[in-house]
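Written out below as structure tokens is the structure these notes cover.
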């Protein structure tokens with residue numbers, strides 16, 4: 001019995017150390033778009049999606065080591081740029097390029113509707129191959145979490161193994177999207193995406209669900225695309241055909 005207890009104690013310490021230091025695994029952005037819904041209106045113009053502008057904060061803090069101290073009930077981590085952080089609830093790192101990944105995902109969502117003649121991602125600030133530009137600004141990809149140590153220090157994993165939660169995480173995604181006429185720079189349409197995601201993880205449930213950024217973007221893009229489609233349909237006949245030479249007849253719309 002003594003050797004069994006010693007083995008359990010050693011296993012608990014190892015598991016706690018692995019989880020607390022975030023060595024479990026790596027995760028990364030993987031995007032699956034919304035089911036394709038062909039737009040009711042198609043216009044003969046091309047949209048260039050520029051790489052999104054990054055206006056997030058730069059502060060990343062992590063205090064997981066505090067959970068190794070007995071009588072501490074929980075410890076926290078807060079990352080404004082999770083792609084630059086190490087150590088999450090069950091993952092060691094998150095492979096994410098927000099400016100590129102979000103722009104690519106937005107282009108995919110628009111392209112599959114067939115609303116525009118073509119949609120592509122561009123590296124140019126102004127692409128002469130497109131009459132419209134979709135510009136995005138990233139305001140937040142905050143990742144915040146609490147790890148539960150139940151005041152047991154390095155032995156908290158014993159309770160995790162018994163089924164108690166090892167922690168909870170919250171994600172925030174905030175974006176601002178603008179559709180611009182390339183020739184004039186006029187803003188034609190704009191919308192905001194603000195989504196939240198939360199999870200409580202245990203060894204036997206919702207394990208490795210630290211990140212909800214693809215789901216949040218997919219959910220936010222559904223009403224955004226519907227709003228854009230409504231705006232496109234509201235424009236007077238002939239506007240899209242003459243977009244390159246005259247953008248003044250468009251009615252700017254928000255949301």
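The values are calculated or read from the model by the stated rules, or taken from the named source; none is laboratory data. Worth saying up front: this structure is predicted, and the values here are computed from it rather than measured. Reconstructed Cβ throughout: ideal geometry from the backbone, glycine too, with neighbour counts over all protein chains shown.
So, in region 114-134, how many residues would count as being part of a loop (DSSP other than H, G, I, E, B), surrounded by fewer than 21 Cβ atoms within 10 Å (Cβ to Cβ) and at negative phi?
Of the residues in that region, 7 qualify.
Restricting attention to region 152-163, and to residues there that are assigned to a loop (DSSP other than H, G, I, E, B) and in contact with a strand residue (DSSP E or B) (Cβ under 9 Å, 6 or more places away or on another chain), which single residue is surrounded by the most Cβ atoms within 10 Å (Cβ to Cβ)?
The qualifying residue surrounded by the most Cβ atoms within 10 Å (Cβ to Cβ) is 156.
Does residue 27 satisfy being crowded, with 17+ Cβ neighbours inside 10 Å and more than 30 Å from residue 157 (Cβ to Cβ)?
For residue 27, the condition - crowded, with 17+ Cβ neighbours inside 10 Å and more than 30 Å from residue 157 (Cβ to Cβ) - is not met.
Only one of these is in a strand (DSSP E or B), touching a helix residue (DSSP H, G or I) at 6+ places or on another chain (Cβ under 8 Å), closer than 22 Å to residue 98 by Cβ and at pLDDT 95 or above: 228, 175, 188. Name it.
175 is the lone residue from the list that is in a strand (DSSP E or B), touching a helix residue (DSSP H, G or I) at 6+ places or on another chain (Cβ under 8 Å), closer than 22 Å to residue 98 by Cβ and at pLDDT 95 or above.
If you check 67, 75, which single one turns out to be outside any helix (DSSP H, G or I), modelled with pLDDT of 95 or more, farther than 28 Å from residue 224 by Cβ and in contact with a helix residue (DSSP H, G or I) (Cβ under 8 Å, 6 or more places away or on another chain)?
After applying the criteria, what remains is 75.
Testing residue 69 on (1) within 21 Å of the chain's Cα centre (by Cα); (2) touching a residue at least 60 places away in the same chain (Cβ under 8 Å), one condition comes back false. Which one is that?
(1) is the only condition that residue 69 fails.
State all residues of region 164-207 that are farther than 18 Å from residue 224 by Cβ, in contact with a strand residue (DSSP E or B) (Cβ under 6 Å, 6 or more places away or on another chain) and surrounded by fewer than 18 Cβ atoms within 10 Å (Cβ to Cβ); if no residue qualifies, say none.
168, 170, 198, 200, 206, 207
Determine whether residue 223 is surrounded by fewer than 17 Cβ atoms within 10 Å (Cβ to Cβ), modelled with pLDDT of 95 or more and on the phi < 0 side of the Ramachandran plot.
In short, yes.
Confirm whether residue 147 is closer than 28 Å to residue 80 by Cα, buried (at least 19 other Cβ atoms within 10 Å of the Cβ) and out of contact with any helix residue (DSSP H, G or I) (no Cβ under 9 Å at 6 or more places or on another chain).
Judged against the criteria, residue 147 is not a match.
Considering only residues that are modelled with pLDDT of 50 or more and part of a helix (DSSP H, G or I), look in region 18-57 and name the one that is nearest to residue 235 (Cα to Cα).
Going through the qualifying residues, I end up with 19.
With more than 20 Å from residue 143 (Cα to Cα) and touching a strand residue (DSSP E or B) at 6+ places or on another chain (Cβ under 7 Å) as the only criterion, which of 53, 117 stands out?
Testing whether each residue is more than 20 Å from residue 143 (Cα to Cα) and touching a strand residue (DSSP E or B) at 6+ places or on another chain (Cβ under 7 Å) leaves just 117.
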